Amino acid sequence: MLDIQFIREHADVVKESQRKRGESVELVDEVLVSDERRRESLREFEAARAQQKEIGKKVAAASGDEKAKLIAETKDLAAKVAEYKSAADAASEEYTTAMWKLSNIVEPEAPEGGEDDYVVVKKVGQIRDFAAEGFEPRDHMELGALVAGIDTRRGAKVSGSRFYFLRGAVARLQIAMLTMAVDQAEEHGFTLAITPTLVRPEVMAGTGFLNAHADEIYRLREPDDQYLVGTSEVALAGMHENEILDLGSGPLRYCGWSSCYRREAGAAGKDTTGIIRVHQFDKVEMFVYCRPEDSREEHGRLLAMEEEMLHKVEVPYRVIDTAAGDLGSSAARKFDCEAWVPTQGRYRELTSTSNCTEYQARRLNIRERLADGGTHPVATLNGTLATTRWLVAILENHQQQDGSIVIPQAMRPYMGGKEVIEPTKWEA
């Protein structure tokens, strides 16, 4: 949610942000009209309430005919007060609905356009020339079968499409990767949190996930009304809902480890095989609460940490600056890190980091205590450190001609010193 005072004073800025996103510019005027209607209704209600209280005082001091007359006036006024309150409540609800439709204000530096209009910030690492090495690279599914590590056939048998089993050394590889991410986060001052994966609707809405992409989220209805999270960002944002934080010693930095769930409703025909687009996966997510003036610096810190992890798994990657039209409603700016996938001949997203400025904190009522005793909404940021999808890039970029997988140097201590995952037969 945006600051209404900022919208009143800088409507042109908000309209420009909406335009860059490809969203309704007219919504800004709708918000301003509903804001004025809300304020006018509230003024009428408060004036009637004040008059009601004043007459109430006179009734107490009056007697006889005058008292009877005042009591009659009180009854008439009570009906008007109830009418004004109903109008004020309706105007307030209309205003809130309009406000919650507005997306965050895009940072001026974010590129214009949609999904394909990103800007490549940099490319890192050397892409392997498999032809020069004398063999055609296998995709991650073939490699996963050769080392008896990925089983989508049985995953589909148990749960349906886009589910899978990770087994043996590949399962250990995922645990190693996620544990290495946690260790790195703690080295940088993040606090580990294993988070709930079911959240209340108010928390899901507060983070901005129930807007355009609500159909991507699993919902449990009666007798429960909860959502399955697609990222621990949701739980970590809701953790301090309705709280006042002390940021006097610096930002609060969390590292969330959770299973995540996505319906992939808009992915029909995309990545139908393999483990790139799946309904369930594990992820380590960074989440930061900081002062708004520090959010850009924190955003750079999160991106650097994502790159540090990518160096550790030794895969070629690029960083892109996501275009405004491809941002989630909460993000003011987002950078993605995309790893090279040899068998696809292109880069695929592994991580993203977003600066959500004050947007989520306003919706969830999360503030910081100021030096003068007042309060102000904090800024929130998020960034992925590792997730199941990373296995695709690791397996394909580190494969050998015989189908074995060389384990990246940094991951070997987490794999019991193992250096190579060798081809093996399925046990069953």
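Of all residues in region 244-280, those satisfying the criterion of being part of a strand (DSSP E or B) and of a type in the set (Gly, Ala, Ser) are Gly256, Ser258, Ser259. Contact map, region 215-233: first residue more than 11 Å from Pro201 (Cα to Cα), second residue acidic (Asp, Glu), Cβ cut-off under 8 Å, separation 6 or more or different chains; pairs are Glu216/Glu264; Gly230/Glu216; Thr231/Glu285; Ser232/Glu285; Glu233/Glu285.
Would you list the helices (runs of 4 or more DSSP H) that sit entirely within region 79-193 and hold 3 or more residues that are in contact with a helix residue (DSSP H, G or I) (Cβ under 7 Å, 6 or more places away or on another chain)?
140-146, 168-187
What are the pairs with Cβ atoms under 6 angstrom where one residue, in region 266-291, is farther than 30 Å from Arg362 by Cα and the other, located anywhere, is in a loop (DSSP other than H, G, I, E, B) and among the small types (Gly, Ala, Ser)? Sequence gap at least six, or different chains. Every condition considered, the pairs that remain are Arg277/Ala267. Considering (1) modelled with pLDDT under 95; (2) closer than 25 Å to Asn104 by Cβ; (3) surrounded by 16 or more Cβ atoms within 10 Å (Cβ to Cβ); (4) not aromatic (Phe, Trp, Tyr), the lone condition that Glu216 does not fulfil carries the number (3). Considering only residues of region 62-78 that are touching a helix residue (DSSP H, G or I) at 6+ places or on another chain (Cβ under 9 Å) and in a helix (DSSP H, G or I), which is modelled with the highest pLDDT? Across region 62-78, the extreme among qualifying residues is Ala78. Annotation note: of Ile366, Ile394, Ile320, the sole residue that is β-branched (Val, Ile, Thr) and within 22 Å of Leu210 (Cβ to Cβ) is Ile366. Within the set Glu243, Glu233, Glu285, Glu293, the sole residue that is surrounded by fewer than 17 Cβ atoms within 10 Å (Cβ to Cβ) and closer than 19 Å to Asn355 by Cβ turns out to be Glu293.
Matching residues to (1) hydrophobic (A, V, I, L, M, F, W, C); (2) over 13 Å from the mean Cα position of the chain (by Cα):
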| residue | (1), (2) |
| --- | --- |
| Cys337 | yes, yes |
| Arg346 | no, yes |
| Cys356 | yes, no |
| Gln360 | no, no |
| Arg363 | no, yes |
| Glu368 | no, yes |
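Only one of the numbered conditions (1) modelled with pLDDT under 95; (2) closer than 30 Å to Gln18 by Cα is violated by Arg162, and that is (2). Could you list all residues from region 11-57 that are among the polar types (S, T, N, Q) and buried (at least 17 other Cβ atoms within 10 Å of the Cβ)? Within region 11-57, Ser17, Gln18, Ser34, Ser41 meet the criteria.
Applying the criterion of being touching a helix residue (DSSP H, G or I) at 6+ places or on another chain (Cβ under 7 Å) and not hydrophobic (A, V, I, L, M, F, W, C) to the residues of region 194-210, the residue that is surrounded by the fewest Cβ atoms within 10 Å (Cβ to Cβ) is Pro196. When region 15-55 is examined, which residues are found to be under 15 Å from Glu112 (Cα atoms) and assigned to a helix (DSSP H, G or I)? Those that are under 15 Å from Glu112 (Cα atoms) and assigned to a helix (DSSP H, G or I): Lys15, Glu16, Ser17, Gln18, Arg19, Lys20, Arg21.
For region 105-127, the set of residues classified as in contact with a strand residue (DSSP E or B) (Cβ under 9 Å, 6 or more places away or on another chain), crowded, with 16+ Cβ neighbours inside 10 Å and over 30 Å from Gln399 (Cβ atoms) consists of Val106, Glu107, Ala110, Pro111, listed by residue number.
Among the residues making up region 417-428, those that are within 18 Å of Arg167 (Cβ to Cβ) and free of Cβ contacts under 8 Å to residues at least 24 places away in the same chain are Val420, Ala428. Of the conditions (1) of a type in the set (Lys, Arg); (2) within 16 Å of the chain's Cα centre (by Cα); (3) more than 30 Å from Leu247 (Cβ to Cβ), Arg389 clears all except one; give me its number. For Arg389, the failing item is (2). Counting only residues that are within 21 Å of Ala185 (Cβ to Cβ) and either among the charged types (D, E, K, R) or buried (at least 19 other Cβ atoms within 10 Å of the Cβ) (or both), region 304-330 holds 12 of them. Note on region 284-378: enclosed strands (runs of 3 or more DSSP E) holding 1 or more residues that are more than 21 Å from Gly238 (Cα to Cα) and assigned by TED's automatic domain parsing to the domain that holds Thr388 are 317-321, 333-341, 346-355.
The values are calculated or read from the model by the stated rules, or taken from the named source; none is laboratory data. This one's a predicted model, so the numbers in the text were calculated from it and none came from an experiment. Using ideal geometry, Cβ is built from the backbone for each residue, glycine included, and neighbour counts are taken over all protein chains shown.
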